[in-house]
Amino acid sequence: MFAYLEREARGFELIVFIAAALVLDFFYLFFLSEFLKIVHINFTSTPIGINPDLNAFFLFWFFGWLFFQAFLEECIFRLIPLSIVIGAGCKFRAVVFTAILSSVIFGLVHGNVYCIFFQGFGGLIYCFLFMKCGGLQKKYGRALLVTTITHFLYNGICVVYYLITLSWG
């Protein structure tokens, strides 16, 4: 696995990795949500206080905030812990442990223990992207850019989906 991750994704392969990460995260979220409904566990993880009657300026500002928030979370939960472990030359097991630990914390910060299985899984996907798209090659800026864009796209699609379902409801 380490040898596969060591080869940096570039060009079309990079686009495929970003798209695959988004699709995997959405399918996982959908199937886990459906499973929780089947076993009668009520869990909602939706943005609170979003008004569907938003004007264009507010939407521009809001998506700018989503980008900044994604950037900040990627710095805290991917860039800092992974670059420290990778930069120190730690073994691959330590890198994987750090990725799992930061993903669990990422999930907890988003709410409660259930969030580990929702946002924590997404965090693990972003850790994988970080490592595959430059992190293991110590190209931390490139890796941060890829994970931030992917995280922003995911958050943006979630908000748009939420707004659409509000208008249907």
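The numbers here are math on the coordinates, done by the rules we state, and not lab data. Every value quoted in this text rests on a predicted model; they were computed, and no experiment measured them. Don't worry about glycine lacking a Cβ; one is built from the backbone with ideal geometry, like all the others, and counts go over all protein chains shown.
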I'd like to verify a number: residues in the stretch 11-30 that are out of contact with any Ser or Thr (no Cβ under 9 Å at 6 or more places or on another chain) and over 15 Å from Phe128 (Cα atoms), how many? 6
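For the stretch 1-16, what are the residues that are out of contact with any Cys (no Cβ under 7 Å at 6 or more places or on another chain) and either assigned to a helix (DSSP H, G or I) or among the polar types (S, T, N, Q) (or both)? Walk me through how you get there before you give the answer.
Here is the first cut: in the stretch 1-16, the residues out of contact with any Cys (no Cβ under 7 Å at 6 or more places or on another chain) are 1-7, 10-13, 15-16.
Residues satisfying the conditions are Phe2, Ala3, Tyr4, Leu5, Glu6, Gly11, Phe12, Glu13, Ile15, Val16.
Output the number of residues of the stretch 17-40 satisfying the condition of being in a helix (DSSP H, G or I), of a type in the set (Val, Ile, Thr) and farther than 28 Å from Ala94 by Cβ.
Just the residues of the stretch 17-40 that are in a helix (DSSP H, G or I), to begin with: 17-38.
Now drop any that are not of a type in the set (Val, Ile, Thr), which leaves 18, 23, 38.
Within this subset, residues satisfying the condition of being farther than 28 Å from Ala94 by Cβ are 23, 38.
Of the residues in that region, 2 qualify.
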Suppose the filter is surrounded by fewer than 22 Cβ atoms within 10 Å (Cβ to Cβ), charged (D, E, K, R), touching a residue at least 24 places away in the same chain (Cβ under 8 Å) and farther than 22 Å from Trp65 by Cα; does Lys139 pass it? yes
Could you check, for the stretch 106-121, whether at least one of its residues is surrounded by fewer than 21 Cβ atoms within 10 Å (Cβ to Cβ), more than 17 Å from Asp25 (Cα to Cα) and not aliphatic (A, V, I, L, M)? yes
Which condition from (1) in contact (Cβ under 8 Å) with a residue 60 or more places away in the chain; (2) part of a helix (DSSP H, G or I) is the one that Phe77 breaks? (1)
